[in-house]
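Right, one structure below, let's go through it.
The values are calculated or read from the model by the stated rules, or taken from the named source; none is laboratory data. None of these values were measured; they are calculated from a predicted model. For neighbour counting, all protein chains shown are included, and Cβ atoms are generated from backbone atoms with ideal geometry for every residue, glycine included. Quick note on the areas: whole protein, heavy atoms, side chains included, nothing else; ligands and nucleic acids left out. Shrake-Rupley method; radii C 1.70, N 1.55, O 1.52, S 1.80 Å.
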Amino acid sequence: MNYIHENIHGKGDEEILELESKACFDFFWQEANAREGSDGYGLIRDRAPNNPNVASIASVGFGLSAIVIGAERGWVSKQEAYNRALGTVDTLLNRAQNINGFFFHFLDMTTAKRVRNCEVSIIDTAIALNGVICAGEYFGGEVKEKAEEVYGRVNWQWYLNKETKQFYMGYTPERGFFGAWSMYAEQFMMYFLAAASPTYPVDPEVFYSFKRLVGTYGNYPPFIYTWTGSLFTYQYSHAWFDLRNKVDREGVNWWENSVIATKTNRQFCIDNSDRFKTFGPNSWGLTACDGPQGYKGSYGAPPSGYNNDQHYVDGTVPPAGAAGSIVFTPEESIAALKNYYRDKNLWGKYGFVDAFNLDVSPAWYDRDVIGIDKGITLLMIQNYVDGIIWETFMQNKYARDGMKKVGLQSGI
């Protein structure tokens, strides 16, 4: 198989993509609980090296997809990959704490039980399910059998507000349901998986229940934007669901929407390079990540609900922003990654660190990497290179049916 996309020019580009991909894979392989017999076997850390006992269920979803890539690329043997995938899916099916099939956001690495008072997360469960489905399609056999059990037991109807036809944002046993997925963000995977469920399907019209806020920035066309303006919201569902050349019933091409959102995010960084020396044409991609004052989910660019003032923009740039957009803006993303690679402070055991900021004194470089940022980087690079995740995941009948049920059709 040809692993390098025809549009990549130059050996340096190829090497950097390969180095980062392998380093991302190493995170998911090495930061997993690989102790046979452990209740938390296969769970993957939320971040490293900090918080060593906390797994993220979303990290597990990205990690199961990473195992597919590792097996295909020969970074681990097919048998090693199969065993790890099977053990991980078995943990999710039989031991990972959940309610009505929905997993708690964070789990103890050893016990697979809820950490602190975290929520039962529908979006993080959906990410985990994407990984489960992807592994099931790739490995088949018992992995696929258990994958379908994990997916089939999720009671999407329970998590849906029947009055608004919107999914709740979160749930805890102490608080009950709260919030709502009332605006466009990264949640498309939820609608597709829920509509196609063989056990607890929801009305596909839920896909049309969120607000579609339209805005623009610079000289780019108007597009439907997310409240935070964070790039991950335009990336995540695209990592598994192949939305290229697809339009919904209202005529929206969500792939092109993400392309425009990515280009405006980059333009915002260019336009503000006089305010922040971290920003520039090859240093862009504002998205949720660590910052000098801790993790921020609100890092983003306009248009957004925040206006992206000083409180939400401080010069912090995460490499995952540009890397996770490589399928949308290949030339611009590769140029950014080449630029980052020149800074030795940005590179560590698992490739690019999570984020950096040259606008504080001293310059700040994150000491951690975060699973979801390594995950979107790995999956999108490999989709760009050879489409392995799209090709594997879209073999699943539920993935295809979910998109069809909500009215996505090939564009003209």
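Can you tell me which residue within the range 116-130, out of those that are touching a His at 6+ places or on another chain (Cβ under 8 Å) and not in a helix (DSSP H, G or I), is surrounded by the fewest Cβ atoms within 10 Å (Cβ to Cβ)? Restricting to residues being touching a His at 6+ places or on another chain (Cβ under 8 Å) and not in a helix (DSSP H, G or I), the top hit is CYS118. Does ARG249 satisfy the criteria of being out of contact with any strand residue (DSSP E or B) (no Cβ under 9 Å at 6 or more places or on another chain) and over 30 Å from HIS105 (Cα atoms)? When the stated conditions are applied, ARG249 does not pass them. Residue count for the range 53-110 satisfying the condition of being of a type in the set (A, V, I, L, M, F, W, C), in contact with a Ser or Thr (Cβ under 8 Å, 6 or more places away or on another chain) and open to solvent by 30 Å² or more (accessible area, probe 1.4 Å): 1. Identify all residues within the range 359-368 that are in contact (Cβ under 8 Å) with a residue 60 or more places away in the chain and open to solvent by 10 Å² or more (accessible area, probe 1.4 Å); write none if there are none. Answer for the range 359-368, where residues must be in contact (Cβ under 8 Å) with a residue 60 or more places away in the chain and open to solvent by 10 Å² or more (accessible area, probe 1.4 Å): ASP359, VAL360, TRP364, ASP366, ARG367.
Only one of these is modelled with pLDDT under 95 and open to solvent by 10 Å² or more (accessible area, probe 1.4 Å): LYS277, LYS296, LYS263, LYS246. Name it.
LYS296
For the range 149-163, the set of residues classified as within 21 Å of the chain's Cα centre (by Cα), under 30 Å from LYS78 (Cβ atoms) and not β-branched (Val, Ile, Thr) consists of TYR151 only. The single condition among (1) open to solvent by less than 50 Å² (accessible area, probe 1.4 Å); (2) among the small types (Gly, Ala, Ser); (3) at positive phi that GLY251 does not meet is (1).
Residue-by-condition table, conditions (1) over 23 Å from ALA126 (Cα atoms); (2) without any contact (Cβ under 8 Å) to a residue 60 or more places away in the chain; (3) assigned to a strand (DSSP E or B):
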position: PHE25; (1), (2), (3): no, no, no
position: TRP29; (1), (2), (3): no, yes, no
position: SER38; (1), (2), (3): yes, no, no
position: GLY42; (1), (2), (3): no, yes, no
position: ALA58; (1), (2), (3): no, no, no
position: PHE62; (1), (2), (3): no, no, no
position: ILE67; (1), (2), (3): no, no, no
position: GLU72; (1), (2), (3): yes, no, no
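For THR110, the stated conditions do not hold, so it cannot be described as modelled with pLDDT of 95 or more, of a type in the set (Ser, Thr, Tyr) and within 22 Å of the chain's Cα centre (by Cα). Give the residue that is nearest to PHE139 (Cα to Cα), with candidates limited to residues of the range 369-412 that are in contact (Cβ under 8 Å) with a residue 60 or more places away in the chain, among the hydrophobic types (A, V, I, L, M, F, W, C) and not in a helix (DSSP H, G or I). Taking the candidates together, the pick is MET394.
Could you tell me whether ASN345 is free of Cβ contacts under 8 Å to residues at least 40 places away in the same chain, open to solvent by 10 Å² or more (accessible area, probe 1.4 Å) and in a helix (DSSP H, G or I)? The answer is yes for ASN345.
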